[in-house]
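K.L.:
Before I ask anything, let me first share the structure, which is written out below as structure tokens.
The values are calculated or read from the model by the stated rules, or taken from the named source; none is laboratory data. Note that this is a predicted model, so its numbers are computed, not measured. Backbone-built Cβ (ideal geometry, glycine too); neighbour counts: all protein chains shown.
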Amino acid sequence: MKLATLCYVRKGGRTLMIHRVKKENDIHEGKWNGLGGKLEPGEMPEECAVREVKEESGLDVKDPVLKGILTFPEFANGEDWYVFVYVFNGCRGEIRESSEGVLEWIENDRLLDLNLWEGDRIFLPLLDEPGVFSGKFHYVDGRLMDYHLVRHTE
């Protein structure tokens, strides 16, 4: 089982995305993703989110807003992934080059036009909705086979 974060840094009606085109043997090759990565031992998901954004982009962020928790059964190498989804509203600093892909600010209304994982198209609109969501997305050979999504609103 892997624990990870997926982070969407937003500023001025745009979201920072990474086009995964640099890393060899990347399961995400060619896809556009938010930033993020695996939790380190003893690390809170919020700490991981802040660290990963800094490591991948050079940007300083604070006050992560938890938007969702995603489950990906047997997503890579037969392992289940559990992913905490965060939004950061604003950032400081300058973007630096990433070893994993090309970083680009994308207009929020164009996000669904990108080459995304099929499940991302389902949960990305919920980033702008109140509350938190939970979802399970089952992929086989890179194709979404089924999913279940629950929204928790007050």
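K.L.:
Pairs, please: C-beta under 8 Å, at least 6 apart or cross-chain, first residue more than 15 Å from TRP81 (Cβ to Cβ) and in region 131-154, second of a type in the set (Phe, Trp, Tyr) and surrounded by 16 or more Cβ atoms within 10 Å (Cβ to Cβ)?
P.N.:
PHE133/PHE123; MET145/TYR139; LEU149/PHE123; LEU149/PHE133; VAL150/PHE133; ARG151/PHE133; HIS152/PHE133
K.L.:
Moving on. Scan region 73-109 residue by residue and report those that are closer than 16 Å to LEU6 by Cα, among the acidic types (Asp, Glu) and assigned to a loop (DSSP other than H, G, I, E, B).
P.N.:
GLU100
K.L.:
Name the residues in region 1-20 that are within 16 Å of TRP105 (Cα to Cα) and outside any strand (DSSP E or B), would you?
P.N.:
GLY12, GLY13, ARG20, listed by residue number.
K.L.:
Just give me the residues in region 130-154 being among the hydroxyl-bearing types (Ser, Thr, Tyr) and either under 16 Å from the mean Cα position of the chain (by Cα) or surrounded by 15 or more Cβ atoms within 10 Å (Cβ to Cβ) (or both), in sequence order.
P.N.:
First pass over region 130-154, keeping only residues among the hydroxyl-bearing types (Ser, Thr, Tyr): 134, 139, 147, 153.
Listed by number, the residues that qualify are SER134, TYR139, TYR147.
K.L.:
Here's another thing I want to ask about it. Mind telling me which of the residues GLU40, GLU47, GLU55 ends up being surrounded by 12 or more Cβ atoms within 10 Å (Cβ to Cβ), farther than 25 Å from LEU126 by Cα and free of Cβ contacts under 8 Å to residues at least 24 places away in the same chain? Write out each step before concluding.
P.N.:
Details: GLU40 fails: surrounded by 12 or more Cβ atoms within 10 Å (Cβ to Cβ); GLU47 fails: farther than 25 Å from LEU126 by Cα.
Just a single option satisfies the conditions, and that option is GLU55.
K.L.:
Where residues in region 21-37 are surrounded by 15 or more Cβ atoms within 10 Å (Cβ to Cβ) and out of contact with any Leu (no Cβ under 6 Å at 6 or more places or on another chain), which of them is nearest to ILE106 (Cα to Cα)? Spell out how you get there, then give the answer.
P.N.:
First, pick out the residues of region 21-37 that are surrounded by 15 or more Cβ atoms within 10 Å (Cβ to Cβ): 28, 31-37.
The next check asks that each one be out of contact with any Leu (no Cβ under 6 Å at 6 or more places or on another chain); those that pass are 28, 31, 33, 35, 37.
On the way: HIS28: 18, LYS31: 14, ASN33: 11, LEU35: 13, GLY37: 20 Å.
Filtering region 21-37 for residues that are surrounded by 15 or more Cβ atoms within 10 Å (Cβ to Cβ) and out of contact with any Leu (no Cβ under 6 Å at 6 or more places or on another chain), the one nearest to ILE106 (Cα to Cα) comes out as ASN33.
K.L.:
Of everything in region 48-95 that's of a type in the set (Gly, Ala, Ser) and modelled with pLDDT under 95, which residue is farthest from VAL132 (Cα to Cα)?
P.N.:
GLY78
K.L.:
Taking the options LEU116, LEU112, LEU127, name whichever one is at pLDDT 95 or above, loosely packed, with under 13 Cβ neighbours inside 10 Å and not acidic (Asp, Glu). Walk me through it before giving the result.
P.N.:
Working: LEU116 fails: loosely packed, with under 13 Cβ neighbours inside 10 Å; LEU127 fails: loosely packed, with under 13 Cβ neighbours inside 10 Å.
The unique qualifying residue is LEU112.
K.L.:
Could you check region 16-59 and list, in sequence order, the residues that are touching a helix residue (DSSP H, G or I) at 6+ places or on another chain (Cβ under 6 Å) and within 23 Å of ASP113 (Cα to Cα)?
P.N.:
Hits for region 16-59 are LEU35, GLY36.
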